Amino acid sequence: MRGMIYKDLCLFFKGIDKVVLAVLGGLLVLFGYKSGVYAGMLFSFALDMMVGLLHLTALEKEEKTAWRSYQRTMPVGVGKVMAGKYAAVLLTVPISVAGAVVSNLAAFAVYRTFWPEVLGLSILAAVALPPVFAMFSLPFYYWFGTQIAQFTSLPLAFLLFYAIKNFEDGWWTVADLTGLVGNPGSLLLMGVLALAGMFLLSLALSAAGYCRRT
C-alpha cells in the first residue's frame, strides 16, 4: 500500500503548477491589502480549499493515464486502494497546517498584533477542511465521474468564500465565534468523532463506487 500512497502523493504535488501558485499569490496580495490582521487566516482558508481540490485534480490525472486498467493486474484489493487514497489525503494535512502557521505569523509580524484565537481557528480549519473537501468529492468521483465530483465541491467552496467575505467586511470576528462556544473541549471532541465517522463512511462509499465501475 505504501507504493499506492507514494503514487497518489506524487500526483498531488504535480498538480501544484504555475496556475495554482498564481492564484494563491493573487489571493495573498488581495488579503494582505484588504484584510489587515485577518490576512493570514483568510489566506490559510483558501490554501485549505486548494489542498482539498488538488486531490480531485490528482484523480483526473490518474484517469487520463488509464491507471485503473493497469491497477487491475496488481495483487492489490479495493480496500488497500481506497485506504491509500484516503491516507494520502491525511498526509497532505501538514501542508495546510504549515501554511496556516506561517501565513498567520507573517500577518501578526506585519501588523504587530498577536491573536492566539485567530491562529487556533486557522490551524483547526487547516486540519478539518482538506479532508472534508476530499471526503465529499471522492465518493461522487467513484460513483458518477469527474464532472459530478467537481460540482459537489462548489457548495463547499461557496460556503468558504462566504466566510472569507464576512471576515473581510467585518460582519464576523473570531471573538464572536469563540464566544458562541460554551465548552470548547467537548465540542472539539464531538467534532473529531463526527469527522472520523464521516471519513470512514466516505471511504466505504468510495470503495463501493470503485467496485461498481471496475
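The values are calculated or read from the model by the stated rules, or taken from the named source; none is laboratory data. Only a predicted model underlies this, so the values are computations on that prediction, with no experimental measurement involved. Ideal geometry is used to build each Cβ from the backbone, glycine not excepted, and the neighbour counts take in all protein chains shown. SASA here: full protein model, heavy atoms, side chains in, ligands and nucleic acids out. Shrake-Rupley method; radii C 1.70, N 1.55, O 1.52, S 1.80 Å.
On inspection, Phe13 fails the criterion of being of a type outside the set (D, E, K, R) and touching a residue at least 40 places away in the same chain (Cβ under 8 Å).
When Leu154, Leu121 are checked against the criterion of being farther than 21 Å from Tyr38 by Cβ and in a helix (DSSP H, G or I), a single residue qualifies: Leu154.
In summary, Leu27 fulfils each of the numbered conditions (1) touching a residue at least 24 places away in the same chain (Cβ under 8 Å); (2) open to solvent by less than 40 Å² (accessible area, probe 1.4 Å) with the single exception of condition (1). Scanning region 93-107 for residues that are more than 11 Å from the chain's Cα centre (by Cα) and crowded, with 18+ Cβ neighbours inside 10 Å yields Gly99, Ala100, Ser103, Asn104, Ala107.
In region 1-118, counting only helices (runs of 4 or more DSSP H) that sit wholly within it, the ones holding 2 or more residues that are modelled with pLDDT of 80 or more and closer than 18 Å to Phe199 by Cβ span 2-14, 39-64, 78-91, 93-111. Sub-6 Å Cβ pairs linking a first residue in region 123-152 that is of a type in the set (S, T, N, Q) to a second residue that is at pLDDT 85 or above, at least 6 apart or interchain, are Thr152/Phe136; Thr152/Ser137; Thr152/Phe140, ordered by first then second residue.
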